[in-house]
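The values are calculated or read from the model by the stated rules, or taken from the named source; none is laboratory data. Just so it is clear, the structure is predicted and the values come from calculations on it, not from any experiment. Neighbour counts run over all protein chains shown; Cβ positions are idealised from the backbone, glycine included. To get the accessible areas, we keep the full protein, side chains included, count just its heavy atoms, and leave off ligands, DNA and RNA. Shrake-Rupley method; radii C 1.70, N 1.55, O 1.52, S 1.80 Å.
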Amino acid sequence: MPRSATPVGERPFHIDPSTGSPVTELERLCRLLARASLFNGLACEDIVRFARGVREVRVARGEILFHRGDPCHGFHLILDGQIKLAFTSAEGNEKVVDILYAGRSFGEAVMFMDKPYVVMAQALTDATLLHIGKQIFFEEMSGDPVFCRKIIAGLAQRLHLLMADVESYSLRSGRDRVVGYLLREEEREGDGVSEGAVSLRLPTSKGTIASRLNLTQEHFSRILNELTGAGLIHVEGRTIHIPDIGRLRRSLG
């Protein structure tokens, strides 16, 4: 279980780490929620209406936020850290569905369906999240058609990404999946327009990444060795050195 789940509104003020100045809880809440694309474009006075439905949750690496079959009472927004969503079998086998980072949210679709969670969520690192309760969320939706359209757009984007995953698993080789993953990670860590030599650090274990790409860990390691043999990458633990990222991009089938 999460080691801390504190109602946000119970604390009167905080110190802004960037300025050292005290900020009210509502100001802090605005800044935190504004990190999510879901709340982009909303004024602070609109965002603070969610305050009474928000809890801050802190979890340590390896802790489970929820299991498959647990009831869904809202959705989560990641403030920092990494969260893994995965299917698990009775035998203990696991299929990683997604690896999520700061700024991402999850659980909205299940919340709308009023169904239990269909995956488990586990912290890959120490993490801090906000949990936004579904009741206050539904109340805000009922009176704001613009906000409703933002929700629909966000869910549509998730569907688009899911279809891209299905296409990748079905039609792209394991090698192309790994190359595509490395390019996306470099884009996420960098500015997306890097050229020449770059380095990136894998955000989690090779086994977790392999599962996310629908590969066995052995197959994932073989592909890394093949890419190394072709001079496209150099592996140093969890750090991947790419001598020429343009050449790596051109290697995609």
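For the reader, a short list of remarks on this structure follows.
- Our estimate of slack between ASP165 and ARG49, defined as 0.36 nm per intervening residue step minus the Cα-Cα distance, is 38.2 nm.
- Listed residues LEU65, LEU77 arranged by accessible area, highest first, probe 1.4 Å: LEU65, LEU77
- Summed over the residues of the range 30-96 and divided among them, the accessible surface reaches 49 Å² per residue at a probe radius of 1.4 Å.
- Gained length - ILE64 relative to THR125, 0.36 nm times residue gap less alpha-carbon distance: 20.8 nm
- Heavy-atom accessible surface of the range 111-244, averaged per residue, reaches 52 Å², computed with a 1.4 Å probe.
- Nearest 10 degrees, 0 to 90: helix 174-189 Cα axis against the chain principal axis: 50 degrees
- In degrees, nearest ten, helix 145-171 long axis to first principal axis of the chain (Cα): 20 degrees
- Cβ crowding within 10 Å averaged over residues, with 237-246, 146-155, 118-127 ranked highest first: 118-127, 237-246, 146-155
- Carbon and sulfur %, accessible surface of the chain computed with the full protein complex present, 1.4 Å: 55 percent
- Overall shape: oblate for the range 74-143, with the ratio a/c of the largest to smallest alpha carbon gyration tensor axis at 1.5 or above and b/c at least equal to a/b.
- A simple spin-label model places the labels of LYS115 and ASN225 4.1 nm from each other, with each point 7 Å out along Cα-to-Cβ.
- Relative contact order %, the chain, counting alpha carbon pairs below 8 Å whose residues are six or more apart: 17 percent
- Reachable aspartates and glutamates from LYS206, criterion Cα separation under 13 angstrom, eight or more residues apart if same chain: GLU218, GLU236
- Helix-only CD estimate at 222 nm, as mean residue ellipticity for the chain, using -39500 (n - 2.57) per DSSP H run (n ≥ 4): -11500 deg cm²/dmol
- With Cα atoms, 0 to 90° folded angle of helix 217-229 axis to the chain main axis: 60 degrees
- Split the chain at each of the GluC sites (Glu not before Pro) in a DSSP loop with at most 10 other beta carbon atoms within 10 Å, and the longest piece is 92-194.
- Qualifying aspartates and glutamates (Cα of each under 20 Å from Cα of LYS115; at least 8 residues distant if same chain): ASP70, ASP98, GLU139
- A simple spin-label model places pseudo-atoms 7 Å from Cα toward Cβ; at GLU236 and ASN214 they are separated by 3.4 nm.
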